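For reference, the structure discussed in these notes is given below.
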Amino acid sequence: REIPGILPHTYFWSHSGTMSRSSVGISKENKVEANMVVKLAKYLVDCGCPKSSIAILTPYKGQMKLLQKLLVNAKLYAFSSRGSRHSCVLSTVDRFQGDEADIVLISLVIDEKSST
C-alpha cells in the first residue's frame with residue numbers, strides 16, 4: 001500500500017526532543033518523539049490503514065505508558081483490545097518479539113545527548 005509522503009518499506013526521521021526520566025520507575029521517555037509517533041499513526045489511519053495493522057513499539061516501559069495515554073486520547077488505542085481491529089497494537093520491543101504487523105513504528109526514545 002502506498003502512503004502519501006512516505007516511501008514504501010522503511011522510513012526514518014529525526015527530531016530535537018530530549019530523553020527524560022519517566023514517572024514509571026527508572027524508565028525513560030521522550031515526549032516530543034511520542035507525540036510524533038502518535039501523529040504518524042493518526043496520519044496512517046487517516047490514509048486508510050486499519051488500526052490493527054499498526055504496531056507501535058518501544059524498549060522503555062515509561063515511553064510505552066506515555067504513548068498509551070496519547071494514543072487513547074487520539075482514539076487509536078483501547079485497553080485490553082489486543083488483536084482488536086479498532087486499536088493499534090502497543091508493546092515493548094521484548095514483549096512483541098515473535099508477533100507480526102503490517103506497519104511497525106518504533107520509538108527508541110534516545111536523543112543526541114544519550115551515551116547509550
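Computed from the coordinates by the stated procedures, all read-outs in this text should not be read as laboratory data. Just so it is clear, the model here is predicted, and its values are computed rather than measured. Neighbour counts run over all protein chains shown; Cβ positions are idealised from the backbone, glycine included.
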Please identify the trypsin sites (Lys or Arg not before Pro) of the stretch 1-49 that satisfy two criteria: DSSP loop assignment and at most 16 other Cβ atoms within 10 Å. Which are they? ARG1
Here the residues of the stretch 28-60 lying in the modelled label zone of ASP102, meaning backbone nitrogen under 16 Å from a point 7 Å along Cα-to-Cβ, are 41-56
Spin-label point model (7 Å from Cα, Cβ direction): what's the ARG95 to VAL72 distance in nm? 1.4
How much net charge surrounds LEU70 when only other residues with a Cβ under 14 Å from its Cβ are counted (Lys, Arg +1; Asp, Glu -1)? +4
Cα→Cβ-extended label distance, 7 Å offset, between ARG85 and LYS39, nm: 3.1
Tell me, what is the percent relative contact order of the chain, built from C-alpha pairs under 8 Å that lie six or more residues apart? 31
